[in-house]
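Read the structure below first, then the notes.
Every number in this text was worked out from the coordinates using simple rules, so none of it is lab data. This structure is a prediction, so every number in the text was calculated from the model and none was measured. Cβ sites come from the backbone with ideal geometry, for glycine too, and all protein chains shown count toward neighbours.
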Amino acid sequence: MNFNGSIDELRQLVAALGIPCRWQSRGAFQMVVFEDGVSNLKLNWWPGEGRLELVGDPAQRADLLLRFQALLEQHPDGEA
């Protein structure tokens, strides 16, 4: 997955998922830690490359991945 927009635009896409989360800057990449009380899912974004990676338990990841990909496809700077 790729996203070449701004961090504010990405924050809006993540917020549209409706899952509590917190953002962390990790130097070369930004990380979203989802705080749903169930999973350990994280979304990593490397703004220089535009690369997005959803990591965590595969069983928990599948539904969120599909939902997020659908949002990305609707954004002009996103690619699922």
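Looking at the chain, the GluC sites (Glu not before Pro) that sit in a DSSP loop and have at most 12 other Cβ atoms within 10 Å of their own Cβ are Glu35, Glu49.
Rounded to the nearest 500, the helix-only mean residue ellipticity at 222 nm of the chain stands at -10500 deg cm²/dmol, with each DSSP H run of n ≥ 4 adding -39,500 (n - 2.57).
Here the contact order of the chain, divided by its residue count and restricted to Cα pairs under 8 Å and six or more residues apart, works out to 32 percent. Simple spin-label estimate for Gln24 and Gln12 gives 2.7 nm between the two label positions (7 Å along the Cα-to-Cβ direction from each Cα). Were the residues from His75 through Val33 laid out at 0.36 nm apart, the gain over their Cα-Cα distance would be 12.9 nm.
Computed with the Debye formula from one identical point scatterer per Cα of the range 2-79, without solvent, the log10 of I(q)/I(0) at q = 0.17, 0.26 Å⁻¹ comes to -0.60, -1.47.
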